[in-house]
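J.: What follows is a single structure, and I will ask about it in a moment.
The values are calculated or read from the model by the stated rules, or taken from the named source; none is laboratory data. Keep in mind the model is a prediction, meaning the values are calculated, not measured. Counting neighbours? That spans all protein chains shown, and the Cβs are built from the backbone with ideal geometry, glycine included. Side chains are part of the model used for accessible areas, which takes the heavy atoms of the whole protein and leaves out ligands, DNA and RNA. Shrake-Rupley method; radii C 1.70, N 1.55, O 1.52, S 1.80 Å.
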Amino acid sequence: MAAHIGLDAKKLSTRETYRLLTSCLVPRPIAWVSSVDAMGQGNLAPFSFYTMVSTEPPLIALSISQHQGQDKDTAANILETGEFVVNFVTLEQLAPMHASSGRYPADVDEAALLGVDMVASTRVRPRGVARSPIRLECKLAQALTFGIQSARLLVGEVIHFSIAEHCMSDGRIDGSLLDPACRLGGPWYAGLGPRIFAGPAQSLSTSE
């Protein structure tokens, strides 16, 4: 058995804890979130603290930490308007997605600045990334706040799915046709690599 190093979480700095968690919980899917403020100013930024919550209704969650005690533009926009779009990130989109993670003034539209083509959504005001094969149009369902850094946990209900036809097979999304960018720790990303098929798992029957 390999030797392990023990670390007391209470003795770690916020930065050290962040680096450990983001290096342990890998790979992570990336939510490239488009939003608008009440005046219609667009914003586009990626977040990898992102997961599913429920399928009935379809709920997803984003965790967005504050910066210097203030909500980031994405969180502020979602709390103000109650709408956002999660855009699927492919490896082809890695460069503009990563560039959009920089800090920009609230009046800067990252999509326009970085030349990311956008397309009108069906049910919400924020536009979606045109080249994203999957776009999830969401309405804010619940907002919670956690921790000393006041991280916002924003739960959104997916009210419309937009899926590229070339990613579909027999009425379902074919995962082999997607090429997702995955977030690792530090400045690192990855692709899926080899795919492994596993058949149904066996279960022990509890019936007599």
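J.: In nm, give the distance between the simple-model label positions of Ile196 and Leu12, each being 7 Å from the Cα along the Cα-to-Cβ direction.
T.: 2.6 nm
J.: In Å³ and rounded to a whole number, note down the convex hull volume per residue for the Cα atoms of the stretch 95-208.
T.: Values: hull volume 28.6 nm³, N = 114.
Dividing the Cα hull volume of the stretch 95-208 by its residue count gives 251 Å³.
J.: His98: accessible area at probe 1.4 Å, nearest 10 Å²?
T.: Accessible area of His98: about 90 Å².
J.: Pick out, from Pro29, Gly186, Gly199, the residue whose Cα sits farthest towards the positive end of the charge dipole of the chain, with +1 on the Cβ of Lys and Arg and -1 on the Cβ of Asp and Glu.
T.: About the Cα centre, the residue reaching furthest to the positive side is Gly186.
J.: In debye to the nearest 20, how big a dipole does the chain give about its Cα centre with +1 on each Lys and Arg Cβ and -1 on each Asp and Glu Cβ? Could the numbers behind the result be given before it?
T.: Values: 17 positive and 20 negative charges, 113 e Å.
It works out to roughly 540 debye.
J.: Per residue of the chain, what 222 nm ellipticity follows from adding -39500 (n - 2.57) for every DSSP H run with n ≥ 4, rounded to the nearest 500?
T.: So the helix-based figure for the chain works out to -4000 deg cm²/dmol.
J.: To continue, here is another question. Most fluctuating residue of Lys11, Lys139, Lys72 in a GNM of the chain with Cα springs under 10 Å: which is it?
T.: Top of the fluctuation ranking is Lys11.
J.: Tell me which residues come under 5 Å, amide H to amide H, from Glu83 once H is placed; ignore anything under 5 positions away on its chain.
T.: So Glu83 has HN proximity to Leu140.
J.: Among rounded, prolate and oblate, which fits the stretch 53-119 when a ≥ b ≥ c are the square roots of the eigenvalues of its C-alpha gyration tensor, a/c under 1.5 means rounded, and a/b larger than b/c means prolate? Intermediate values should be presented prior to the final figure.
T.: Values: a/c = 1.79, a/b = 1.15, b/c = 1.56.
In terms of gyration-tensor shape, oblate.
J.: Please list, ordered by chain and number, the residues whose modelled amide H lies under 5 Å from the amide H of Val33; skip anything fewer than 5 residues away on the same chain.
T.: Amide H to amide H, under 5 Å and 5 or more residues apart or across chains, Val33 pairs with Ala45, Phe47, Asn87.
J.: So, one more: Which percent of the Cα-Cα distances in the stretch 6-92 go past 14 Å?
T.: On the way: 2664 of 3741 pairs.
In whole percent, the share of Cα-Cα pairs in the stretch 6-92 beyond 14 Å is 71.
J.: Something else now. Which of the peptides 26-34, 108-116 is most tightly packed, and how do the rest follow, judged by the mean count of other Cβ atoms within 10 Å per residue? Intermediate values should be presented prior to the final figure.
T.: Details: 26-34: 22.2, 108-116: 15.8.
The most tightly packed comes first, giving 26-34, 108-116.
J.: I would also like to ask the following. Could you please state how large a percent of the accessible area of the stretch 25-189 is carbon and sulfur, counting protein chains only and using a 1.4 Å probe? It would help to have the intermediate numbers written out before the result.
T.: Details: 4660 of 8710 Å².
The computed percentage sits at 54.
J.: To one decimal place, what orientation-averaged projected area in nm² is obtained for the convex hull of the Cα set of the stretch 94-155? Write down the numbers at each step before the final one.
T.: On the way: hull surface 22.8 nm².
So the Cα hull casts an average projection of 5.7 nm².
J.: Once amide H atoms are built 1.01 Å from N in the peptide plane, which residues 5 or more positions from Thr90, or in another chain, come under 5 Å H to H?
T.: Hits under the 5 Å cutoff: Ala181.
J.: Could I ask something else about it? Could you work out the Kirkwood radius for the chain, taking every pair of different alpha carbons, averaging 1/r and inverting it, reported in Å?
T.: Numbers: mean 1/r = 0.0534 Å⁻¹.
Value: 18.7 Å, from the Cα pair sum.
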